[in-house]
């Protein structure tokens, strides 16, 4: 089985950036997605260039203070000059109260900023998984094709909690649209480890995952600092031993279908 371990929110702060790089150099993270309007974007770009084996995608944003432009009729809160909140934009997307061409324009600006920083883009994903909604997904597909980006994160979710039939059908439909047009993982898993008390259960869950009949699965992380439970769990020796049972890749290698050499401090300096 191929496993992509991706950290979202690269560029949101220097602290998050540093944790992501530590986990990559330890051999855990293979991929990260950068926020074009993150407060520490330039810092993230510098770290990415110092660690060339880390696959870098774009973490597209459509909510919060992360817009590149504000000359939009359907995407901007007039009171703040920024994107709507997460809940508000999701409602607008669900009701199709957005202009798709505006979303595509904003995505294009975010992607272009990353490209202008001389970063090779491995794939696209989305802050708060907002591309689950059709207008955002359609705009993302257009932007990806425009910039010749070969991969988009699927929204086929491996969940430990039972999902509604409607949710399952929506995610399967979403996966088919992406997989028909791009290279993508068979599914993704979001760990959401909140405390050390959940470690044993999650060791079992990951071991069970590795025994399932998938070709490629993406594990999505959100590192905060060296001490947050998710970072501690994925940096542990036991997790390292589990990861040695699978092939770690990133989206660049998914596109090229070649294995990733596990990063170490020595190979990164070479």
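Things to note:
- Secondary structure note: in the chain, about 5% of the DSSP beta bridges are antiparallel.
- Cα gyration tensor shape of the range 161-200, rounded if a/c is under 1.5, else prolate or oblate by comparing a/b with b/c: oblate
- Sorted by Cβ density within 10 Å, fewest first, the residues 29, 132, 248: 132, 248, 29
- Comparing 121, 177, 130 in a Gaussian network model of the chain, where Cα atoms under 10 Å apart are tied by springs, the biggest mean-square fluctuation is seen for 177.
- For the chain, built as a Gaussian network whose Cα springs stay under 10 Å, the top-fluctuating residue of 220, 246, 45: 246
- Relative contact order computed over the chain (Cα-Cα under 8 Å; 6+ residues apart), in percent: 26
- Here the residues 140, 23, 94, 1, ranked from fewest to most Cβ neighbours within 10 Å of their Cβ, fall in the order 94, 1, 23, 140.
- Taking the C-alpha atoms of the range 1-125, convex hull volume expressed per residue in Å³: 118
- If you plug the beta carbon distance of residue 240 and residue 78 into 1/(1 + (r/R0)^6) with R0 = 35 Å, you get a FRET efficiency near 0.10.
- nm² value of the averaged projected area, convex hull over the Cα atoms of the range 131-263: 9.4
- Potential lengthening between residue 173 and residue 49 on full extension [0.36 nm per residue; Cα-Cα distance subtracted]: 41.0 nm
- Inter-site label distance for residue 210 and residue 115 at 7 Å from Cα along Cβ, in nm: 3.8
- Most fluctuating residue given options 105, 78, 183, as computed from a GNM of the chain linking Cα atoms under 10 Å: 78
- For the range 121-140 versus the range 154-195, the inter-centroid distance based on Cα atoms is 13 Å.
- Order of 22, 213 under a 10 Å beta carbon neighbour criterion, fewest first: 213, 22
All of the numbers you see were taken from the coordinates with simple rules; none came from a lab. Everything numeric in this text was worked out from a predicted model, so none of it was measured. Methodologically, a virtual Cβ is constructed for each residue, glycine included, from the backbone with ideal geometry; neighbour enumeration extends over all protein chains shown.
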